[in-house]
Amino acid sequence: MLNGAMRGAFLFLLGAATTVLFRRSQAKRTVWQLDPYKCVQCNRCATECVLKPSAVKCVQVYPMCGYCKLCTGYFEPEPVSLDTGAENQLCPTGAIKRRALEDPYYEYTIDEPRCIGCAKCVKGCVLFGNGSFFLQVRHDRCVNCDECAIAIACPAQAFQRVPADKPYLMKDREHQA
Amino acid sequence: MRAKGSSKLQTPNFRATPDPKPLMEGSRFWKLKLFHCFAGVAAGLALLALPLAAHGVERFPPPEFDPGYKMPATTVPAARAELLSYVDVAVLVAALALASYLALMKRSRDGLLALSVFSLLYFGFYQKGCVCAIGSVQDAALAVFNSGYVVPLTTLAFFLLPLVFAAFFGRTFCAAVCPMGAIQDLALLKPVKTPSWLDSALGVLPFVYLGAGILFAATGSAFIICEYDPFVALFRRSGSYGMIALGAAFLIVGIFIGRPYCRFLCPYGALLGLVSRFAKWNVTLSPMDCLHCQICDTACPYGAIADPMLKDPHPNPHRRTRRLIALAALLPLLVVLGGWFGGRLSVPFSRMHATVSLAEQIAAEDAGKPGEPTDASKAFRQTGRPVEELYAEALRVRGGFAIGSRWFGAFVGLVIGATLISVSAPRKQSVYDPDPADCVSCGRCYIHCPKEIVRVKRIAGKNVIPLTPVRGG
């Protein structure tokens, strides 16, 4: 008898909680993304994500790229020589592929499985280049935690929720100018 | 491929757009290094004039490409399809219903074992342990206390459905739906009994963890239950060393001690245990004709079989009554003491919140305290937001912690007091039966209880000798 009453009380409470929570819920799915214009390249995306390597990776927006021979996102500040030697590269995992087009142009592509999201190349590209390298949450990897660990750690508060059907916040040339 | 314009653009990589904006502090080092490296090249001159907007400007116009060049497109992998999250909820409902059927009607340990393997594979390895009911407590708390937080409907379902099922069928979610329970159930190879006083003492921890999880979630500081989820790194097959080590430690301990996370930490298990006390149906053995053989007690690795009180073992019932009265008087005292202690902890607790720690950092920097500025403080100063605004927000968060920490402390006091009373209170039952709060409905007792074995064989139409206590030889 007492059990039944307690159970009734509990179900009533649960119903009330459901009503409150239901009002605060939405069916429309959202996912995490970072605003590249707020990003300060602090390296936390590489260290704070619950995944190792991080779900945040560098992307390259080709129309913005200058195809520079001396890419400051690719080379160390003081490279021994301007070639693909590991000691000359900024990327700690060698995740940027460099392909020679007609001199003096080079095409730079991110080898995503290697990228750890450390933003070293982003910093180099933003400081001295066009800023065509930037970080994005990659949704083939992101597990979409309800509370994103990077979002909490992000010093620039660059993380936000975006609609799941438009899950990227890309840079573009127009915005740049 | 041709360069844009004429031949004088042979080094387009250094054709910076001149910009009078001053250089930012941090870049000077780079600039010098680059300058030394490429001194003498026209590039160096261009670099001197490099502008430094925070996110780069188009310093090097892209070349005009030959029609033959195909510019690669930036890949944009889609997020997980929305439909799949509804499939998850459907699978959850089906698994809960099946687990309840297997635990209470079919009474099949094998069935539960098979279902828990499925749940481990689906909710664990396929769904990568997220969304899970355990963590969803925090979403619910945050949504209740913060009107700005929007909780996904599917997360809400994961929070509510196991509780509703527990109100009717007991902890069948723990039995074979929760992947964390399943992995520990499978890891349990050499069960060692823990003394019941230790079980009772450690049984306080899930409530403390629940309170802390709600406190930090409701204030918007952190989801600590997810952060210290021991098995999620294993489910994702990816995670920090700390997470992996925690999971390994729980699994190794779990070989000997049944479900250490479920029994001594799981905050959702604490909730389910509370609800399960009032469940309409629970796992029971055969209370009518219990042989008092104690095989079920030996078989239960979770210490959930409650000893019957055949006769009151307490030497002096009056002393026990006096003790119970004293404990009942102690309870409000513990609650008040807990509340006071919680209030003392509110300031250190509030440092878990990013805004409070940033405000403290900014205040320390402005007061001229030694120490490097952090990334957060640098980023904050770059936004140009007034410091007063930050301080006001930090104070608001602290206000929330001042209240929340007191409630948390009082809650811990209540739990300790209630535990003390419950271990001292006399029990009335006269047969061996699972305790509804502690029993995770794993079904091990079914395959060990001699009466249950006979019953099952009879149902299957097999001839069995009636099982009665045999005296003499």
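The values are calculated or read from the model by the stated rules, or taken from the named source; none is laboratory data. Since we're looking at a predicted model, the values are computed, not measured. Here the Cβ is made from the backbone with ideal geometry for all residues, glycine too, and neighbour counts use every protein chain on show. Keep in mind that these areas ignore ligands, DNA and RNA; they rest on the heavy atoms of the full protein, side chains included. Shrake-Rupley method; radii C 1.70, N 1.55, O 1.52, S 1.80 Å.
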Seminar exercise, completed: In whole percents, the bins of 10 Å from zero upward hold the Cα-Cα pairs of the protein assembly as shown as 3, 13, 21, 20, 16, 11, 8, 5, 2, 1, 0, 0
For this session: Could you calculate the contour length gain from B:Ala248 to B:Leu186, that is, 0.36 nm times the residue separation minus the distance between their Cα atoms, to one decimal place in nm?
Result: 20.9 nm
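Can you work out the accessible area per residue across segment A:91-175, with the rest of the protein chains kept in place, probe 1.4 Å, in square angstrom? Please list the in-between numbers first.
Working: 3310 Å² over 85 residues.
Solvent-accessible surface per residue comes out at 39 Å².
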For this session: With a 1.4 Å probe on protein heavy atoms only, tell me which residues of segment A:120-134 lose at least 20 Å² of accessible surface in the complex relative to the chain by itself.
Result: A:Val126, A:Leu127, A:Phe128, A:Gly129, A:Asn130
Exercise. Ranked by accessible surface with a 1.4 Å probe, highest first, in what order do B:Lys369, B:Lys451, B:Lys457 come?
Worked result: B:Lys369, B:Lys457, B:Lys451
Exercise. To the nearest 0.05, what FRET efficiency results for A:Thr93 and A:Tyr37 with a Förster distance of 30 Å applied to their C-beta separation?
Worked result: 0.75
For this session: With label points built 7 Å along Cα→Cβ from the Cα atoms of B:Arg344 and B:Ala425, find their separation and express it in nm.
Result: 3.0
Seminar exercise, completed: Residue by residue through segment B:359-369, the couplings from Karplus 6.51 cos²θ - 1.76 cosθ + 1.60 with θ = phi - 60°, in Hz, x for Gly and Pro, are 4, 5, 5, 4, 4, 5, 5, 5, 7, x, 5
Seminar exercise, completed: Full extension between B:Val387 and B:Asn146 adds, at 0.36 nm per residue less the Cα distance, a length in nm of 84.4 nm
For this session: Using only the alpha-carbon atoms of segment B:414-456, report the extent along each of the three principal axes, biggest first, to the nearest angstrom.
Result: 43, 22, 10
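Could you compute the FRET efficiency for B:Ser196 and B:Tyr69, with r as their C-beta to C-beta distance and R0 at 60 Å, rounded to 0.05?
Values: r = 75 Å, r/R0 = 1.26.
With a Förster radius of 60 Å, E is 0.20.
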Exercise. For A:Tyr62 and B:Lys280, what is the calculated FRET efficiency with R₀ set at 51 Å and r taken between the beta-carbons, to the nearest 0.05?
Worked result: 0.25
For this session: Could you bin all the Cα-Cα distances of chain A into 5 Å bins starting at 0 and give me the percent of pairs in each, rounded to whole numbers?
Result: 1, 8, 15, 17, 15, 11, 8, 6, 4, 3, 3, 3, 2, 2, 1, 1, 0, 0
Seminar exercise, completed: Non-local residues with an amide H under 5 Å from the amide H of B:Asp433, with H modelled 1.01 Å from N and Pro and chain starts lacking one, are B:Ala306
Seminar exercise, completed: The relative contact order of segment B:63-191, taking Cα pairs under 8 Å that sit 6 or more residues apart, comes to a percentage of 31
Exercise. Across 5 Å bins from the origin, how do the percents of Cα pairs in segment B:298-425 run, short distances first?
Worked result: 2, 9, 12, 12, 11, 9, 9, 8, 7, 6, 6, 5, 4, 2, 0
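What's the buried accessible area, both sides, between B and A using a 1.4 Å probe, rounded to 100 Å²?
Details: alone 27370 and 10980 Å², together 31480 Å².
Looking at B and A, the buried total is near 6900 Å².
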Problem set entry | Part-to-part distance (alpha-carbon centres) for segment B:358-391 and segment B:138-212, which is given in Å | 39
Exercise. In segment A:62-106, which residues become less accessible by 40 Å² or more once every protein chain is in place, relative to the chain on its own, using a 1.4 Å probe?
Worked result: A:Tyr62, A:Tyr67, A:Cys68, A:Leu70, A:Pro77, A:Glu78, A:Glu102, A:Pro104, A:Tyr105
For this session: At 1.4 Å probe size, with every protein chain present, just tell me what the per residue accessible area of segment B:164-236 comes to in Å².
Result: 33
Exercise. Using a probe of 1.4 angstrom, how much of the accessible area of the protein assembly as shown is carbon and sulfur, in percent?
Worked result: 65
Exercise. According to a simple spin-label model (label point 7 Å from Cα along Cα-to-Cβ), what is the distance in nm between B:Val164 and A:Leu14?
Worked result: 0.8
Seminar exercise, completed: Computed, not fitted: 222 nm per-residue ellipticity of chain A from DSSP H runs ≥ 4 (each -39500 (n - 2.57)), nearest 500, equal to -7000 deg cm²/dmol
Exercise. Per the Kirkwood treatment, what hydrodynamic radius in Å, one decimal, follows for segment B:290-362 from the mean inverse distance over all distinct Cα pairs?
Worked result: 17.7
Problem set entry | Long-range amide H partners of A:Gln89 with built H, under 5 Å | A:Glu76
Problem set entry | Modelled label reach - B:Phe256, point 7 Å along Cα→Cβ, segment B:179-208 residues with backbone N closer than 17 Å | B:187-196, B:198-199
Seminar exercise, completed: To the nearest Å², the heavy-atom accessible area per residue of segment B:317-424 with 1.4 Å probe amounts to 61
Problem set entry | Unit charges at the beta carbon, dipole of chain A: most positive-side option, A:Val162, A:Gly131, A:Ile96 | A:Val162
